[in-house]
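The next block holds one structure in the form of C-alpha cells; read it before the comments.
Since every read-out is calculated from the coordinates, none of them should be taken as a lab result. Just so it is clear, the structure is predicted and the values come from calculations on it, not from any experiment. Positions of Cβ are backbone-derived with ideal geometry, glycine not excepted, and every protein chain shown enters the neighbour counts.
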Amino acid sequence: MRKRLTIHNLLKMKQGRNAISVLTAYDYPSAKLAEEAGIDVILVGDSLGNVVLGYETTIPVTVDDIVYHSRSVARAATNTFIVADMPFLSYGASRETTLLNAAKIMQQGGAQALKLEGGAEIASDVEALVQAGIPVMGHLGLTPQSVHQLGGYKVQGKTEKDAQKLMEDALALEKAGAFSIVLELVTEPVAAAISEALTIPTIGIGAGRGCDGQVLVYHDILQYSSPYFEKKFVKTYADIGSTIRSAVESFVDEVKTRQFPAEEHVFQPSSASPTSLYGGTAGEQRKNAEERQRKEVPLA
C-alpha cells in the first residue's frame, strides 16, 4: 500500500521533473476510484458547484458544502494527498474569519491542505494560514470565484501587462509560503515562465505543457454530465455519460416490459409453501384482494 504524499514529496517531484497528477473528486466512490488509479493529489474543488450541485458558477458554494464533500473524499482516499478549496468570501474579509473557516474545513473535512484563489492581495492570508500550520495551494489565472470581475471565462496572460501581473502574483504567493500554485487558462509561454521562476510546483489546467503537473475535473475527463460541453483544454478519456444514460434506458425498458426482475433476481422459499401464507393460493389471494377493492370503491 502506498503512502500519502506530502508537500515535501511534491517539491521533490518538481525538482526531479516528475509530473504531478491531480484530479477533482467530490464523493466517496469517485475518490476511491481515483486513488485506486494512482492519482497523486485529489482536489475537492468548489467546481462541485457546477458539476455536482447544478449552479452556474462556484460562487454559491459554502464552507459547509466543502466540508461535506471533503469528508466523503477523505473517507475513501486514505492514502492520497487531499486539497480542499476555500469557497467564495470564506477568506479575505478578516483574518479571524479566514482562520476560523480554514480550521473548520481542515478539522471537519479531513483534507491535508487548502486552496485559495488570488494573488498578492491574499498573500497575507496565505502567510497567516501557513503560520497556523495549514499548507496552502494558490490559484492564479482564471479564478472562477472572480468570474464576474474578469468578465467571463477568459484565457489570462495574453498581454505583457497581464503576464507581468501573473508573475508578480505567483512570486508573492511563493514568498507567503504557498507550497504549490494552480495556473488556470493561462497562455502556455506565460505559464512555462512562471513554472521556471518558482521553486514550488505549478499545476496547470488549460495552461499548457510547461507546468509541473496537470489537473482536470473528474466529470470532464469522463463526460459525466448532460449535456456535455467540449472544452479545448480537456481530453476525454471515457464517455461515461452515454453509458449511464443507455443503462438507465435499458432498466426502464425492462421494467416496463416486465423482463426485470427475472428468475435469477428473485428469492424462493426453502420449506414453507407460499400457498399456505395468508390463506389460499396466490390466485385466490389476488381474487380476494380485487373483490375487497371493488367493495371499497363508492358508486358514482
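Quick look at the numbers
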read-out: Inter-label distance for Thr78 and Glu96, nm, one decimal - labels placed 7 Å from Cα along Cα-to-Cβ; value: 3.9 nm
read-out: Beta bridges per DSSP with both ends in segment 97-201, % antiparallel, nearest 5; value: 10 percent
read-out: Cα-Cα over 26 Å, subset of Lys14/Lys115; Lys104/Lys165; Lys32/Lys115; value: Lys104/Lys165
read-out: Cα lying deepest toward the dipole's positive end in the chain, options Gly177, Ser90, Met106, charges on Cβ; value: Met106
read-out: Sorted peptide list for 89-100, 67-78, criterion being average Cβ within 10 angstrom, highest first; value: 67-78, 89-100
read-out: Whether the chain is rounded, prolate or oblate, judged on the alpha carbon gyration tensor where a/c under 1.5 counts as rounded; value: prolate
read-out: Simple Cβ-charge dipole of the chain, Lys/Arg +1 and Asp/Glu -1, about Cα centre, in debye nearest 20; value: 440 debye
read-out: Efficiency of FRET between Ala289 and Val248 - r from beta-carbon atoms, R0 30 angstrom, step 0.05; value: 0.40
read-out: Convex hull of Cα atoms in segment 33-102, direction-averaged projection (nm²); value: 5.1 nm²
read-out: Extension gain (nm, one decimal) between Val130 and Ala37, 0.36 nm per residue minus Cα-Cα; value: 30.4 nm
read-out: Cross-link reach list, aspartates and glutamates versus Lys3, counting only Cα pairs under 18 Å and skipping chain neighbours closer than eight places; value: Glu35, Glu36, Asp40
read-out: Length-normalised contact order of the chain in % [C-alpha pairs under 8 Å, at least 6 apart]; value: 14 percent
read-out: Antiparallel %, DSSP beta bridges [both residues in the chain], to 5; value: 5 percent
read-out: Residues Leu171, Leu114, sorted so that the one with the fewest Cβ neighbours within 10 Å comes first; value: Leu171, Leu114
read-out: Likely footprinting exposure, Phe229, Phe251, fewest C-beta neighbours within 10 Å first; value: Phe229, Phe251
